[in-house]
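Working notes, beginning with the structure itself.
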Amino acid sequence: MNIIVYTKTGCPWCKGVLDLLNGRKIPYEERNVLIDPVYMDELIKKSAQTKTPTLDIDGAIIADSDKEQVEAYLKEKGVIPKE
């Protein structure tokens, strides 16, 4: 599974998503859109917006999300076991 997380420095929702992924030892690539304008362009092309966190999970875009939304998606896909 390939996960790209588009983030912004200081975003509390981004931190929540990253904490979830790190806590579950799920590999991902973080792309901070405030540091690299190429990442902002990618974010806009993929999601038609600039809000973060936005995830690209194997081509599925989860835009302007939070920890709970990402966790539910990963459970649905079997990446995280349903409790």
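What follows is calculated from the coordinates using simple rules that are stated; it is not laboratory data. Since we're looking at a predicted model, the values are computed, not measured. Here the Cβ positions follow ideal geometry from the backbone for every residue, glycine too, while neighbour counts run over all protein chains shown.
So what's the net charge close to S47: Lys and Arg +1, Asp and Glu -1, counting the other residues with Cβ under 13 Å from its Cβ?
0
Which one of V79, P53, L43 is farthest out on the positive end of the charge dipole of the chain, using unit charges on Cβ (Lys, Arg +1; Asp, Glu -1) and the Cα centre as origin?
Going by the charge dipole, the pick is V79.
Nearest 20 debye, what's the magnitude of the dipole of the range 3-76 about its Cα centre given +1 on Lys and Arg Cβ and -1 on Asp and Glu Cβ?
Dipole size: approximately 120 debye.
Collect residues whose amide H, placed 1.01 Å from N in the peptide plane, falls under 5 Å from the amide H of T7; neighbours closer than 5 in sequence don't count.
Sorted by chain and number, the residues that satisfy this are R31, N32, V33.
Based on the Cβ-Cβ distance from K46 to E68, what FRET efficiency comes out when R0 is 35 Å, to the nearest 0.05?
In this case the efficiency is close to 0.95.
Mean separation of Cα pairs under 8 Å and 6+ residues apart, divided by the residue count of the chain: what relative contact order is that in percent?
34
May I ask you to sort S47, S65 by Cβ crowding, counting other Cβ atoms within 10 Å and putting the fewest first?
Going from least to most buried by this count: S47, S65.
So what are the ³J(HN,Hα) numbers for the range 64-75, from phi and the Karplus equation (6.51, -1.76, 1.60; θ = phi - 60°), rounded to whole Hz, Gly and Pro as x?
Using θ = phi - 60°, the values come out as 6, 9, 9, 4, 5, 5, 5, 4, 4, 5, 5, 5 Hz.
Could you list K15, K46 in order of exposure, starting from the residue whose Cβ has the fewest other Cβ atoms within 10 Å?
K15, K46
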